[in-house]
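> Below is a structure I'd like to ask you about.
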Amino acid sequence: MSNNIVLKKGLNIPISGEAALETMRTIAPDVVAVKPTDFKGFSPRLMVKEGDKVLAGSPVLADKQNPDILLTSPVSGTVKEIVRGEKRKLLAVLVKAEGNEAVDFGAKDPKGLKAEEVKETLLKSGLWPTIIQRPYGVLANPAQTPKAVFVSAFSTAPLAADSEFVFKDDLAAIQAGITAISKVAKVHVCVNSETSAFAKLQDAVLHTVIAKKHPAGNVGVQISHISPIMKGETVWTLSLLSLAAIGKLFLNGKLDLCRKVAVTGPAALKTGYVVAMPGTPMSALEGCFDPAVETRFISGDVLSGENIGKDGYLGFFDNQVTLIKEGREREVLGWANPLRFNQFSSSMAYFSWLLPKKKYNMDTNTHGGVRAFVCSDVYGKVLPMDIFPVYLVKACLAGDIDKMEQFGIYEVLPEDLALCEFVDPSKNDIQAIIQDGIDLMIKEMA
Amino acid sequence: MTMEENTVKPGLFEKGGKLGWLHSTWDAFDTFLRVPATVTAKGSHVRDSIDIKRVMIIVVLALVPAALFGMWNVGYQHNLAMNDLPGFWHQFWWGLWKVIPLYLVAYIVGLGIEFTSAQIKGEEVNEGYLVSGMIIPLIVPVDVPLWMLALAVAFAVIFGKEVFGGTGMNFLNPALLCRAFLFFSYPSSMSGSQVWIAHRCGADAITGATPLSYMSEGMSSISNAGYSFWNMFAGTVPGSVGETSVIAILIGAFILIWTGVASWKVMVSSVAGALFVGWLGTAFGVTDVPAYVQLVMGGFAFGTVFMATDPVTSAQTECGKWIYGFLIGALCIVVRLFNPGYAEGMMLAILLMNTFAPLIDHCVTSSATKRRAKKVSIA
């Protein structure tokens, strides 16, 4: 363990509602959703119709551009409904869960596998889309071999699930997953301390990230300090969740996407962990929220998670649900009130610095109107990357490909600049701007 | 009250309502009184409680000590010239009534244009002018005719800001542009020794010249005119309304640096630049005014703290801020040393560096890009 990365910049948002380290229950949902919208760059083609029987691991959707890439059902049962949105966009395939049967992909020892066998098994089982390719954060291309594979073994996002607690029983599976992926490309794993349970993983280059603040746990930040992505290069990233699923696939031969999900947030009546699978409906969290309060259900964390609504389904890459109140109350003279002790600000313009330990019941109010960029030095303080965030954002707004390249569009995903968006006094939607820039790059560079 | 507002808003002022064309104006007052009820639609679901209104109000607060001192000093200088010292409160009231009209003109004209242009564009009203309007009366001579001020404010807001798209898009500091307009259009009301004391009424016994106007004649001349380092530091000398007291300005600087609203890097490097050139000046015998005296004369302190640090028009990169600030300080003193006709270099130094700030940033960002490319090719 010699590779240390020291990161000083960043910010931990002191939001209340951290999950208690206990497993509350196992959710066996009636209905599970397969959502193609969780996967950037996946254009879905249906492989089932309503009423079809599926097993856990049966293909449900295929990618139009690359039909080898499949999404499979996480449970066995019957296809109940195909949900479409505007312009008939396919939003989800709902599977009514019945029985416990699964497709057998055949248990294999990952140590003896070849790269082609690993790829083939991942494609067939529907786990290939768990690999995210950078730049742009899209589906990985099976025909390409990446420069390297990066894994962050800890999360610093607000109220994120505790990796050590969540993956306590999955260490062998994660190891098997890493061994399998290492057949395709060199794997780099970032841990947050040398005593971490993940610091003993084999078949990977380990890096210790010495940092106390978000976004040090973001894999994008870690990559930029290990080996920045330049034009023409591709890397893959995998989460521990994905590695655990891949490991279980090779060890048991079956698709098993069950995970411990942290139920968090200031609007959660009860916090803790539940065992659930992606696509679990939020209605299964009954008792954790107050139906009388207008609550926002976020699959993921408050910075980059998705607002899925109370009728939504847990996202594929998430092991966290955050519940926060919609902030529609209008504070009188809020901007002028010198005290405002119940509002957090990272700046010294309010007095929240007097209460460093306080946790805040944050809501979704923007606390101000949208303006042009005025302040220039607040953004860099929360971004531990060698990037000028405002310049990158302005290049994206202008749609200037050359400037976007120059200012590092290949290195970032929206989540990496989420804190810039949080602290922005001008209230711009920075993550959406970056995503638009990335979409433009994909279109222009194709 | 709340009920009434809730029923009035959608009917009258919403787009399509009877007074819908006043939507921007309504919205400005409405959000001024109460935080808007908007919730996050995209991206981060929670947001920091700071907004541009808060940023601007902090700058306004930081300017209050300089403004209050300026009001007193206007009265004090007048009484001094009339050889009649009726006491602190009397002087303050006298100065207050001289300065209030300047504020009224600056805010009514400036905000009027801001509201109108927001109305035309159908956008929300920007808060930036709250600060510009607070600064403008502080950087002009107290006796400037109000119609001139109105004209200058209109020019600065329209051509310095609105034509570029409003606060955040301008590249010149609007308050300084206002002063520059006055200076070049009406030099006789803006410089010389006649303008700095209100209602001199033929009190010719006292010249009323600012310490800076003795700069070219050397330190002994400044001392002979009765100006010492300490009374220039305290601010009991003639000058523009708010620029004289370094103590009041330092209180403002403390507020700005503490809250992080203004960049300490720009302030520190500007002082460093001024000291460096001031020292060169004495070392090469150009002047015998010590470098540290330069810091308390004229508009240097006010410009460094409140105008060089304007986040929109200063350099945007952290490294660029050091260069930008240093050059402002250095240029200001260069003008003072080599232009005896008009010794106040701060205004032009900042405006010049405002135009160069994008170039500085360009150099900083492109060298960073090159550095990164090199780092990668090695790894």
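The values are calculated or read from the model by the stated rules, or taken from the named source; none is laboratory data. Bear in mind that the values here come from a model prediction, so they are computed numbers and not experimental data. Cβ coordinates were reconstructed from backbone atoms using ideal geometry, including for glycine residues, and neighbour counts include every protein chain displayed.
> Being in contact (Cβ under 8 Å) with a residue 60 or more places away in the chain, in contact with a helix residue (DSSP H, G or I) (Cβ under 7 Å, 6 or more places away or on another chain) and either under 29 Å from B:GLY239 (Cα atoms) or part of a helix (DSSP H, G or I) (or both) is true for just one of B:ILE158, B:ILE113, B:ILE135. Which residue is that?
Answer to the check: B:ILE135.
> Can I ask one more? Within the stretch A:271-290, is even one residue of a type in the set (Gly, Ala, Ser), surrounded by 23 or more Cβ atoms within 10 Å (Cβ to Cβ) and free of Cβ contacts under 8 Å to residues at least 40 places away in the same chain?
No, there is no match, as no residue in the stretch A:271-290 is of a type in the set (Gly, Ala, Ser), surrounded by 23 or more Cβ atoms within 10 Å (Cβ to Cβ) and free of Cβ contacts under 8 Å to residues at least 40 places away in the same chain.
> Hey, which of the strands (runs of 3 or more DSSP E) in the stretch A:1-47, taking only ones fully inside, have at least 1 residues that are without any contact (Cβ under 8 Å) to a residue 12 or more places away in the chain, more than 14 Å from chain B (Cβ to nearest Cβ) and surrounded by 15 or more Cβ atoms within 10 Å (Cβ to Cβ)?
So the answer is none; nothing clears 1.
> Still on this model: Just to verify a result, which residue in the stretch B:36-89, among those that are of a type in the set (Val, Ile, Thr) and outside any helix (DSSP H, G or I), is modelled with the highest pLDDT?
Per the criteria, the residue is B:VAL46.
> Could you list, in sequence order, all residues of the stretch A:370-401 that are part of a helix (DSSP H, G or I), free of Cβ contacts under 8 Å to residues at least 24 places away in the same chain and more than 9 Å from every other protein chain (Cβ to nearest Cβ)?
A:LYS394, A:ALA398
> Right, another one. From B:LEU111, B:LEU151, B:LEU85, grab the single residue that is hydrophobic (A, V, I, L, M, F, W, C), out of contact with any strand residue (DSSP E or B) (no Cβ under 6 Å at 6 or more places or on another chain) and within 22 Å of B:PRO187 (Cβ to Cβ).
Checking each option against the conditions leaves just B:LEU151.
> A:GLU294 versus (1) buried (at least 21 other Cβ atoms within 10 Å of the Cβ); (2) more than 7 Å from chain B (Cβ to nearest Cβ); (3) without any contact (Cβ under 8 Å) to a residue 40 or more places away in the chain: which is the lone unmet condition?
(1)
> Pick out the one residue from A:VAL321, A:VAL332 that is touching a Leu at 6+ places or on another chain (Cβ under 8 Å), within 14 Å of chain B (Cβ to nearest Cβ), surrounded by fewer than 21 Cβ atoms within 10 Å (Cβ to Cβ) and among the hydrophobic types (A, V, I, L, M, F, W, C).
After ruling out the rest, the residue left standing is A:VAL332.
> Please verify whether A:MET404 is in contact with a helix residue (DSSP H, G or I) (Cβ under 9 Å, 6 or more places away or on another chain) and either modelled with pLDDT of 95 or more or not in a loop (DSSP other than H, G, I, E, B) (or both), treating the condition exactly as stated.
yes
> Only one of A:PHE344, A:PHE316 is away from chain B (no Cβ under 13 Å) and either closer than 21 Å to A:ASP38 by Cβ or buried (at least 20 other Cβ atoms within 10 Å of the Cβ) (or both); which?
Being away from chain B (no Cβ under 13 Å) and either closer than 21 Å to A:ASP38 by Cβ or buried (at least 20 other Cβ atoms within 10 Å of the Cβ) (or both) holds for just one of A:PHE344, A:PHE316, which is A:PHE316.
> Criterion first (of a type in the set (Asp, Glu), farther than 27 Å from A:PRO228 by Cα and more than 7 Å from chain B (Cβ to nearest Cβ)) does A:ASP424 satisfy it?
So A:ASP424 does not fit the description; no.
> For B:SER366, are the conditions met, namely being assigned to a loop (DSSP other than H, G, I, E, B), within 14 Å of chain A (Cβ to nearest Cβ) and either among the hydroxyl-bearing types (Ser, Thr, Tyr) or over 22 Å from B:VAL59 (Cβ atoms) (or both)?
no
> Those residues that are within 13 Å of chain B (Cβ to nearest Cβ) and assigned to a strand (DSSP E or B), I need them from the stretch A:304-313; list them, please.
Answer for the stretch A:304-313, where residues must be within 13 Å of chain B (Cβ to nearest Cβ) and assigned to a strand (DSSP E or B): A:GLU306, A:ASN307.
> Let me ask something additional. Which of (1) on the phi < 0 side of the Ramachandran plot; (2) away from chain A (no Cβ under 14 Å); (3) surrounded by fewer than 23 Cβ atoms within 10 Å (Cβ to Cβ) does B:GLY285 not meet, given it meets every other one?
(1)
> Of all residues in the stretch B:31-62, how many are more than 7 Å from chain A (Cβ to nearest Cβ) and either over 17 Å from A:VAL374 (Cβ atoms) or surrounded by fewer than 19 Cβ atoms within 10 Å (Cβ to Cβ) (or both)?
4
> Would you point out which residue out of B:TYR107, B:TYR76 is surrounded by 18 or more Cβ atoms within 10 Å (Cβ to Cβ), among the aromatic types (Phe, Trp, Tyr) and touching a residue at least 40 places away in the same chain (Cβ under 8 Å)?
B:TYR76 is the lone residue from the list that is surrounded by 18 or more Cβ atoms within 10 Å (Cβ to Cβ), among the aromatic types (Phe, Trp, Tyr) and touching a residue at least 40 places away in the same chain (Cβ under 8 Å).
> If you don't mind, there's one more thing I want to ask. Which of the residues belonging to the stretch B:220-250 are surrounded by 18 or more Cβ atoms within 10 Å (Cβ to Cβ), within 16 Å of the chain's Cα centre (by Cα) and part of a helix (DSSP H, G or I)?
Result: B:VAL246, B:ALA248, B:ILE249.
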